[in-house]
Every structure is written in C-alpha cells, then in structure tokens.
Amino acid sequence: MHEISVVGLAVEVDRKDIKYLHMSVYPPEGRVHVAAPLMVDDDAIRLAVISKLTWINRKKNQFQSQERQSIREYVSRESHYFKGQRYLLNVIEQEGSCRVVLRNNGTIDMYVPKETDASKRERALFAWYRKELKAQIPPLIHKWEEIVGVKVASWGVKRMKTKWGSCNVKESRIWLNLELAKKTDRCIEYTIAHEIVHLKERKHNDRFTELMDRYMPQWRLYRDELNQAPLSHEDWDY
C-alpha cells in the first residue's frame, strides 16, 4: 500500500486482485482509501478521486463535525448509550462475578468485585451489549430474508472501526458492528436490511439503491440517523 496526493488530498492506494476500483472515506477525520485492480495506474486513480471530490469532501465534513464521546472510564454517573438512549452508569462493588442490569429508563447498574479496573468494567459492559444485540438479531434476519428472498448462511457480531456491517456474498455471511447495540432499533434493522440486500447486489450501485427503495422506502432517513448518532471514542490507530 502506498499514498498519492490528489489536489492536496492524501489518498491511500491498495492494489488487489479485484475487478473494480473501490473508494472509501473512513472516520474519524475522513481518511480516503482506494482499493484498485492491479493494472490500474496512479493517474487513473487520481482521475477517479477527482470525479468523487464532492462526495469525499461531504463525507469528511460529516465525520469531522460529528459528536464524539470522550474516553470512557466506566465509573458511576458516566454516560453510556443503549438502543439510542443515554443512560447513567451506576457502579456497585460487591462480591461475585461482573454483571450488568438495565435498572430503568435512565440507569445501567454494573455489579463488579472491588478494585475491578476500567478495562474489566469495559469488557463486562460490552459483554452485556453483545448479549442484548445478539438476542435482537435473529428475528430481524428472518424478516428480511423473507422480504428480500435470500438466505443468510451465518452471521456474527464483532467490534469494527469503520463499518456498521459487512457482507461476504460468496459465503452468504454477514457481520454486524457491536456498536449497533447503542443505536436505535430502526438503525439496527436498517443495517441488517442493508447487508441482506447485498446478497442480491454486491455493489453500491443503481441496482442496489433501487432494491433498497423497493424493500425499505425510508432507508435514507435511517442511514442518516445512524451516521449522525454520536461516535464512540476510539484510538483509531489503523
């Protein structure tokens, strides 16, 4: 992988054994990455980037202006999100293993042994996020398999820095970002629908847009809500 400059814009270029050029803009500052076929030279890549400058600048501005949470310390009275709602964390020290309980509409109780450090508290909270999100996913996958007319062979949840979801079309497998546990139900459903539609159309092209319009007419509203929600703090060292 190497870097080129396009009208003052740094662009990462990664040549792969692929058929088509793919361009991405990543948070938090709008890093531009191009995956290009092996035979496409830098001049052709520059022309492709120039043709997408308006889109690139719009994405960069969105990321740079987006609200971000500060570094989490996992202490009482700290704010955390679940299903699109802000909660205050209440840390309770007691004997036994770590566990997390949603007490009411404003408080998440975290029970931990004394002297449990921030990293273990983080793992406890994210284990709870994972359990809650994984319980929500199967009926939504079944719903959208029926709507789209495809079958998901397998799915999983993992922490991802640059995507809400991904789809391996060849293996009919989808992955969903653990951060979705913090988002609204409609954002979660939109992401699942988006990845399942990729089983019919791999690329983000006109056909993909037409399919999304057919199956989920308000998908743009849900996408915008998802992308405008506060980003979690990340080291972003990648």
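Quick note: the coordinates plus some simple rules give every number you see, no bench work behind them. Treat the numbers as computed from the prediction; the structure is a model and nothing was measured. Positions of Cβ are backbone-derived with ideal geometry, glycine not excepted, and every protein chain shown enters the neighbour counts.
What residue among 212, 23, 110 shows peak mean-square fluctuation when the chain is described by a Gaussian network model with Cα springs under 10 Å? Residue with maximal mean-square fluctuation among 212, 23, 110: 23.
Annotation: amide H of residue 82 within the under-5 Å range of 87, sequence separation 5 or more or interchain, hydrogens built in the peptide plane.
Mean separation of Cα pairs under 8 Å and 6+ residues apart, divided by the residue count of segment 79-228: what relative contact order is that in percent?
Working: 211 pairs, mean separation 29.1, N = 150.
For segment 79-228, the relative contact order is 19 percent.
Can you tell me the 0 to 90 degree angle between the C-alpha axis of helix 206-215 and the longest principal axis of the chain, rounded to 10? So the helix axis and the longest Cα principal axis differ by about 40 degrees. The angle separating the long axis of helix 42-51 from the principal Cα axis of greatest extent in the chain is about 70 degrees.
3J(HN,Hα) along segment 78-89: 7, 7, 9, 10, 8, 6, x, 10, 8, 10, 9, 7 Hz, from the Karplus curve 6.51 cos²θ - 1.76 cosθ + 1.60 with θ = phi - 60°, whole Hz, x for Gly and Pro.
Rounded to the nearest whole Hz, the Karplus-based 3J(HN,Hα) values (6.51 cos²θ - 1.76 cosθ + 1.60, θ = phi - 60°) of segment 105-116 follow the sequence 6, x, 9, 10, 8, 10, 9, 9, x, 4, 6, 6, with x at glycine and proline. Summarising the amide proton neighbourhood of residue 116: residues at separation of 5 or more, or on other chains, whose placed amide H is nearer than 5 Å comprise an empty set. Placing unit charges on the Cβ atoms of the charged side chains and taking the dipole of segment 2-57 about its Cα centre, the candidate lying farthest along the positive direction among 33, 22, 4 is 22. A simple spin-label model places pseudo-atoms 7 Å from Cα toward Cβ; at residue 131 and residue 9 they are separated by 4.5 nm. In order along segment 196-201, the Karplus-derived 3J(HN,Hα) couplings, from 6.51 cos²θ - 1.76 cosθ + 1.60 at θ = phi - 60°, round to 5, 4, 4, 5, 9, 9 Hz, and Gly and Pro are given as x.
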